[in-house]
Amino acid sequence: MKTIRTSLTALLLSLAALSASAQDADSTRVAQPMPCCDLRPAFLQGWELSAGAGFQIGGTAPLPLPREIRDIKRYNPLLCLSLGLQAKKDLIDDGRWAVSLGLRFEQKGMKTKARVKGYHMEMTADDGGYMEGDWTGMVETHVRNSYLTLPLLAHLRLSGRWSVQVGPYVSLLLDGVFDGEAYDGYLRHHDPTGEKAYVTHATYDFSDDLRRWAWGVQVGAAYRASRHLEAEAQLDWGLSGIFPSHFTSVTFSLYPIYGRIGLNYVF
Amino acid sequence: MGNKLYRKGLVLLSLAFVLAGTLSCIRDEALGKECDITAVSPEWLQSLPSGFLVGNPIVRNRTVTFMVTEGADVTAVAPQFEITPGATLFFVEADGTATPYNTERTRDFTLPQTYRVVSEDGAWSKDYEVSFAYPQPTDECGFEDFTYNDEGQYQRLLQRQTDGSLNANIWDSGNAGYAFTGQAATPLDFPTTFIEDETSLDGRYARLRTLSTGVFGTFVGMPIAAGNLFLGEFQVQNAVMDPLRATRFGLQIVKDEPQSLEGWYRYTAGDVMTGGSDAERDACDIYAVLYEVDPADVVPLFGDDVKTNARIVSIAEIGDAGEPTEWTHFDLPFRTVEGKTFSTERLRSGGYALTIVMSSSREGAFFRGAVGSTLCVDNLKINWKNTAQ
């Protein structure tokens, strides 16, 4: 938790610093795309900087849904925020293609309640305990992962206001929670022929097993509402499962797939 | 030009969202994989002549055991079962081939017969050994004979009967529940074991230990497992959901009015109490209970009423057993509960059941006990009053 707070503070501070310098820049700007007396440091000359915030909504889910999942009784997207910075540079003079590098603090989380049938799982506990079996019953899953994400995007301007983006991203897990409950069901030891045990309530916590690095592809669109304001809708498609491949408690890989709606301030 | 690109871009974006949507649809349910005999048909049980069966059939994961009265004719019986919905039942013949089950055909149960259940999806099957046996009254047990469960994980005690045969359905323990925790690598890592070593009194003895159930035990709020051994049945299905109902104490193997429970024991309590106060010291328990049953509808005693049920006739218990490190003899008299008397008439009609219970932690059923508590028992004997002759 501490790491999150530290990184959040750092991010907010840098945002504040940027907006301060942007205001300085504004006062001297003229109505030109590239002001003559840009106050930005030399290495940022020619780059368009923006800072933004948004909400993320989505799921950390197996794709396609395995047949063991019979019913999703409840889905709660949780409140997931994102705060980011982006530096964009035109590639060619016509202003159509651009590339950008971003830095984003984001949360990806959800809470689901599902009914499963014959869901196979294997678990090895820290103390050496080993359990394997097929679970039939209810499963509640709670995911809340905080990432520091680095997207590298190609931008294509479609019109004066609209543009689309696509590109890969890498994420570093700052803090992760993956826990939940299994209840009102039964476990068959080892396989469907094994001993059966009814379970009214069991808890699990795989937070410590989450993969530290993640990557995926981001695709989205942005609408430039005014000179400084841009609205965007993005889809982050995780291509790495949230658990390492040797982790077998959850038999299918879970991919974070989240949409984001946000506002950016363009300096 | 710009407009076209713009449209293309939006189409691409919506496609991505649609893809995410479609992939997350619930798919068709797979056919069933389970293949259980879930119960013996109650209708069939009703149709049996009274005085044929003794007590309730014991349905385990791969066996079904019927206890019958002495001398019962089991050469032509056609038991009926309830199985997993969608699964199919077969007879397995002596040569190993499977033929479709029908309710009419009788089989000779002088020796156990095999039935096979095949799952709805056809990929899984399980063979059940179905037997009819006369449970002979139990006099004594030296814990010399044991077998393993089907998967070879833990020991199960065999009772040597008066005719010299071995019966696997007299004693039971909570080992089947402990198997789920994955804490045990070998049969000797289980709470209830039968071993012979340099500390033996006389061959093998029963060693009951209170053990940690590890991470998985804490997941279900059951941090310890006491070593236990009792006359009756452990229903592993209930081990996690309702552990006090998993221990079904008692069998109708009563020869006469019991006078005392005799045997040898030693005990060491573990240091740290789980689920109790630090000041407490763990204690073992050894007791026997004689209680009344309705032979037509046998209801056993459970973990929550084994010492308090109104049907109890007499109890023999060790009380404060201390912690003797050397083998110590005990002879516990059966004390009749006020208002109860023993009736030889009731005895002849099969109206009594007896259980003997041993545990390395007295409060183990409520998950209070100290990891490491070890109770060793040997040469157990029930002394009868010999009034029934």
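For the reader, a short list of remarks on this structure follows.
- Test result for residue A:163, part of a strand (DSSP E or B), within 14 Å of chain B (Cβ to nearest Cβ) and buried (at least 21 other Cβ atoms within 10 Å of the Cβ): yes
Here's the yes/no breakdown for (1) touching a helix residue (DSSP H, G or I) at 6+ places or on another chain (Cβ under 9 Å); (2) open to solvent by 20 Å² or more (accessible area, probe 1.4 Å); (3) free of Cβ contacts under 8 Å to residues at least 60 places away in the same chain; (4) on the phi > 0 side of the Ramachandran plot:
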position	(1), (2), (3), (4)
B:152	yes, yes, yes, yes
B:156	yes, yes, yes, no
B:164	no, yes, yes, yes
B:183	yes, yes, yes, no
B:188	no, yes, yes, no
B:201	no, yes, no, no
B:210	yes, no, no, no
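- If you check A:136, A:149 for being within 14 Å of chain B (Cβ to nearest Cβ), touching a Lys or Arg at 6+ places or on another chain (Cβ under 6 Å) and among the β-branched types (Val, Ile, Thr), only one passes: A:136.
- The requirement of being assigned by TED's automatic domain parsing to the domain that holds residue B:118 and open to solvent by 60 Å² or more (accessible area, probe 1.4 Å) is satisfied by residue B:38.
- Screening residue B:142 with (1) without any contact (Cβ under 8 Å) to a residue 60 or more places away in the chain; (2) crowded, with 16+ Cβ neighbours inside 10 Å; (3) not assigned by TED's automatic domain parsing to the domain that holds residue B:48 gives one miss only, at (1).
- Selected residue [of a type in the set (Phe, Trp, Tyr), part of a strand (DSSP E or B) and within 20 Å of residue A:142 (Cα to Cα)] from A:198, A:183: A:183
- Some residue of segment A:168-190 being within 11 Å of chain B (Cβ to nearest Cβ), more than 28 Å from residue B:183 (Cβ to Cβ), more than 18 Å from the chain's Cα centre (by Cα) and open to solvent by 50 Å² or more (accessible area, probe 1.4 Å): no
- Inclusion of residue A:155 among residues that are under 22 Å from residue A:238 (Cα atoms), within 27 Å of the chain's Cα centre (by Cα) and within 14 Å of chain B (Cβ to nearest Cβ) is warranted.
- Matching residues in segment B:128-161 - criterion: being more than 19 Å from the chain's Cα centre (by Cα) and under 23 Å from residue A:193 (Cα atoms): none
- The set of residues in segment B:243-255 being at negative phi and either touching a Ser or Thr at 6+ places or on another chain (Cβ under 8 Å) or assigned to a strand (DSSP E or B) (or both) consists of B:247, B:248, B:249, B:251, B:253.
- Hey, residue B:291 under 30 Å from residue B:49 (Cα atoms) and either under 24 Å from the mean Cα position of the chain (by Cα) or open to solvent by 20 Å² or more (accessible area, probe 1.4 Å) (or both) or not: yes
- Matching residues in segment B:359-389 - criterion: being open to solvent by less than 10 Å² (accessible area, probe 1.4 Å) and in a strand (DSSP E or B): B:369, B:370, B:375, B:376, B:377, B:378, B:380, B:382
- Verdict on residue B:139 being touching a Phe, Trp or Tyr at 6+ places or on another chain (Cβ under 9 Å) and more than 25 Å from residue B:43 (Cα to Cα): yes
- With respect to (1) among the small types (Gly, Ala, Ser); (2) part of a loop (DSSP other than H, G, I, E, B); (3) at pLDDT 85 or above, the lone exception for residue B:39 is condition (2).
- Close pairs (9 angstrom Cβ cut-off, 6 or more residues apart or separate chains): within 15 Å of residue A:249 (Cα to Cα) and facing another protein chain (nearest Cβ under 7 Å) in segment A:59-73, in a loop (DSSP other than H, G, I, E, B) and open to solvent by less than 50 Å² (accessible area, probe 1.4 Å) anywhere: A:61/A:254
- Test for residue B:110: is it open to solvent by 40 Å² or more (accessible area, probe 1.4 Å), outside the structural domain of residue B:59 (by TED's automatic domain parsing) and of a type in the set (Ser, Thr, Tyr): no
- For the residues A:91, A:83, A:78, the requirement of being more than 30 Å from residue B:31 (Cβ to Cβ), free of Cβ contacts under 8 Å to residues at least 12 places away in the same chain, away from every other protein chain (no Cβ under 14 Å) and in contact with a strand residue (DSSP E or B) (Cβ under 7 Å, 6 or more places away or on another chain) singles out A:91.
- Matching residues, segment B:256-272, being open to solvent by 20 Å² or more (accessible area, probe 1.4 Å) and either in a strand (DSSP E or B) or within 26 Å of residue B:343 (Cα to Cα) (or both): B:257, B:259, B:262, B:264, B:266, B:268
- Tally, over segment B:210-232, of residues that are more than 14 Å from chain A (Cβ to nearest Cβ) and in a strand (DSSP E or B): 5
- Those residues of segment A:58-94 which are hydrophobic (A, V, I, L, M, F, W, C) and at pLDDT below 90, in sequence order: A:61, A:63, A:65, A:69, A:72, A:78, A:79, A:91, A:92
The values are calculated or read from the model by the stated rules, or taken from the named source; none is laboratory data. As the structure is a prediction and not an experimental result, all values here were calculated from the model. In this analysis, Cβ positions are derived from the backbone assuming ideal geometry, glycine residues included, and neighbour counts consider all displayed protein chains. Ligands, DNA and RNA are stripped out before the accessible areas are found, and what is left, the full protein with its side chains, is counted by its heavy atoms. Shrake-Rupley method; radii C 1.70, N 1.55, O 1.52, S 1.80 Å.
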